[in-house]
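*Asks:* Please see the structure below; I have some questions.
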């Protein structure tokens, strides 16, 4: 599905076990741009922006002399969430996110606008952020990509929420087709990325470009009873690509050491010798990217990786945390929103033997679960929230923005995802 991205990974460095720190865009973009956990930056809710006082990655790069630009097609990567801070140029494609008419808008890389900006600034150090809404539900791949992976499907579902919401699909054949639509969107986004790289070549900057490709979350297709993302912390919702390519990153190839999107900001700041603006939640990956050995690499290999999920939508009121370390993963859920569930539940997985997280080993390995739980408790206690000013909570909420949120299924409007009969049974220690 991604021949161009795979070519970058093969010629550069890619982390095979990279994770977002949340399965929801509203939380994970501040995680990325601030290298802060949700608990610290405080963006728990779809209508809560990040504190204005916090210094973003873009602000740090601009202060270091970089020209900065952002091209986004997701509401949480823009002014709605204060994620436009630090960008000299901010191109907002959010208003066209929801349309499926690609003669009007494209939800992937805005090649023409981004290329024009690079041409105007290529004599300066540049920092550019591009956030694409493709791939994302509703799954509507364009002509040339639609029906590429599942042309023989004759069922009822087309990847849209209406008139027939694909969340209601239960037959494995329908689920297979909906996943194929998602893959077709991935393939389309990859083709646009390839065209953008060709534009960089035409401008003569491709040989000095240093590129990081990642995602703010994964996507589930009923592996654990749910659709899309934001409803649990299983790997299909949190595992993401993470590729580094360019002359400053080296070409190490595949790295199996776990990484997280909070590591991107400290990596770039160290690479360009930019001082961190606050205590960062992630770690620099430069020792791994440079092929180093010794204590720094050992520390990265043995550290725990944490993720959290705060979902306060109607009928989805729950909090969830996970910690992964040395191939083991513990998930703790507080107030599971499924009606009839217990107030808490724990799940323990051996990822080396059970990569799909199908076997809860909580009862078989109580000591392992207890050790990970203690690690999680210490981490959670250390996540002190950043003091927010009254101005930080002021954000424009006009009709167009609410429409965009509804179109993405983030507030109201859409039928809320519901668990299927395949959801796992609750377990308590």
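The values are calculated or read from the model by the stated rules, or taken from the named source; none is laboratory data. Since the structure is predicted, the reported quantities are computational estimates derived from the model, not experimental observations. All Cβ positions, even for glycine, are placed from backbone atoms using ideal geometry, and neighbour counts span all protein chains on display.
*Asks:* Going by the conditions given, is residue 289 more than 28 Å from residue 44 (Cα to Cα) and modelled with pLDDT of 95 or more? Even if it seems obvious, please write down each step before you answer.
*Replies:* Details: more than 28 Å from residue 44 (Cα to Cα): yes; modelled with pLDDT of 95 or more: yes.
Taking the combined requirement at face value, the residue satisfies it.
*Asks:* Still on this structure, I have one more. For residue 221, only one of the following conditions fails: (1) surrounded by fewer than 22 Cβ atoms within 10 Å (Cβ to Cβ); (2) under 23 Å from the mean Cα position of the chain (by Cα); (3) more than 30 Å from residue 346 (Cα to Cα). What is its number?
*Replies:* (3)
*Asks:* Please state which one of 272, 318 is in contact (Cβ under 8 Å) with a residue 12 or more places away in the chain and over 17 Å from residue 27 (Cβ atoms). Walk me through how you get there before you give the answer.
*Replies:* Working: 318 fails: over 17 Å from residue 27 (Cβ atoms).
Only one candidate qualifies: 272.
*Asks:* Being within 23 Å of residue 204 (Cβ to Cβ), assigned to a helix (DSSP H, G or I) and at pLDDT 95 or above: is that true of residue 119 here? So that I can check it myself, show each step before the final result.
*Replies:* Details: within 23 Å of residue 204 (Cβ to Cβ): yes; assigned to a helix (DSSP H, G or I): yes; at pLDDT 95 or above: yes.
Criteria met by residue 119.
*Asks:* Examine region 231-252 for a residue that is farther than 25 Å from residue 24 by Cβ, part of a strand (DSSP E or B), in the same structural domain as residue 18 (by TED's automatic domain parsing) and touching a strand residue (DSSP E or B) at 6+ places or on another chain (Cβ under 9 Å), and state whether such a residue exists. Steps first, please.
*Replies:* The first filter runs over region 231-252 and keeps only residues farther than 25 Å from residue 24 by Cβ, leaving 245-252.
Checking which are part of a strand (DSSP E or B) leaves us with 245.
Those left that are additionally in the same structural domain as residue 18 (by TED's automatic domain parsing): 245.
Next cut, touching a strand residue (DSSP E or B) at 6+ places or on another chain (Cβ under 9 Å) only: 245.
Taking every residue of region 231-252 in turn, at least one turns out to be farther than 25 Å from residue 24 by Cβ, part of a strand (DSSP E or B), in the same structural domain as residue 18 (by TED's automatic domain parsing) and touching a strand residue (DSSP E or B) at 6+ places or on another chain (Cβ under 9 Å).
*Asks:* Another question about this same structure. Restricting attention to region 1-16, report how many residues are crowded, with 20+ Cβ neighbours inside 10 Å and in a loop (DSSP other than H, G, I, E, B). Steps first, answer last, please.
*Replies:* Here is the first cut: in region 1-16, the ones crowded, with 20+ Cβ neighbours inside 10 Å are 8-9, 12-15.
Retained after the next criterion (residues that are in a loop (DSSP other than H, G, I, E, B)): 12.
Within region 1-16, residues that are crowded, with 20+ Cβ neighbours inside 10 Å and in a loop (DSSP other than H, G, I, E, B) number 1.
*Asks:* Also: Could you tell me whether any residue of region 166-186 is free of Cβ contacts under 8 Å to residues at least 60 places away in the same chain, farther than 29 Å from residue 33 by Cα, assigned to a loop (DSSP other than H, G, I, E, B) and out of contact with any helix residue (DSSP H, G or I) (no Cβ under 8 Å at 6 or more places or on another chain)?
*Replies:* Yes, there is a match, as at least one residue in region 166-186 is free of Cβ contacts under 8 Å to residues at least 60 places away in the same chain, farther than 29 Å from residue 33 by Cα, assigned to a loop (DSSP other than H, G, I, E, B) and out of contact with any helix residue (DSSP H, G or I) (no Cβ under 8 Å at 6 or more places or on another chain).
*Asks:* Then there is this: Got at least one residue in region 45-52 being touching a helix residue (DSSP H, G or I) at 6+ places or on another chain (Cβ under 8 Å) and at pLDDT 90 or above?
*Replies:* No: region 45-52 contains no residue that is touching a helix residue (DSSP H, G or I) at 6+ places or on another chain (Cβ under 8 Å) and at pLDDT 90 or above.
*Asks:* Right, residue 36: surrounded by 23 or more Cβ atoms within 10 Å (Cβ to Cβ), more than 16 Å from the chain's Cα centre (by Cα), touching a residue at least 60 places away in the same chain (Cβ under 8 Å) and within 17 Å of residue 269 (Cα to Cα) or not?
*Replies:* no
*Asks:* Another one. Quick one: is residue 256 surrounded by fewer than 17 Cβ atoms within 10 Å (Cβ to Cβ), within 30 Å of residue 228 (Cβ to Cβ) and either in contact (Cβ under 8 Å) with a residue 12 or more places away in the chain or not assigned by TED's automatic domain parsing to the domain that holds residue 207 (or both)?
*Replies:* Values: surrounded by fewer than 17 Cβ atoms within 10 Å (Cβ to Cβ): yes; within 30 Å of residue 228 (Cβ to Cβ): yes; either in contact (Cβ under 8 Å) with a residue 12 or more places away in the chain or not assigned by TED's automatic domain parsing to the domain that holds residue 207 (or both): yes.
Yes: the conditions hold for residue 256.
*Asks:* Just a yes or no: is a residue in region 347-370 loosely packed, with under 15 Cβ neighbours inside 10 Å, over 25 Å from the mean Cα position of the chain (by Cα), modelled with pLDDT under 55 and not in a strand (DSSP E or B)?
*Replies:* Among the residues of region 347-370, not one is loosely packed, with under 15 Cβ neighbours inside 10 Å, over 25 Å from the mean Cα position of the chain (by Cα), modelled with pLDDT under 55 and not in a strand (DSSP E or B), which makes the answer no.
*Asks:* Same structure, new question: Would you call residue 65 out of contact with any helix residue (DSSP H, G or I) (no Cβ under 7 Å at 6 or more places or on another chain) and part of a loop (DSSP other than H, G, I, E, B)? Reasoning before the result, please.
*Replies:* Working: out of contact with any helix residue (DSSP H, G or I) (no Cβ under 7 Å at 6 or more places or on another chain): yes; part of a loop (DSSP other than H, G, I, E, B): yes.
Considered against the rule, which asks whether it is out of contact with any helix residue (DSSP H, G or I) (no Cβ under 7 Å at 6 or more places or on another chain) and part of a loop (DSSP other than H, G, I, E, B), residue 65 comes out as yes.
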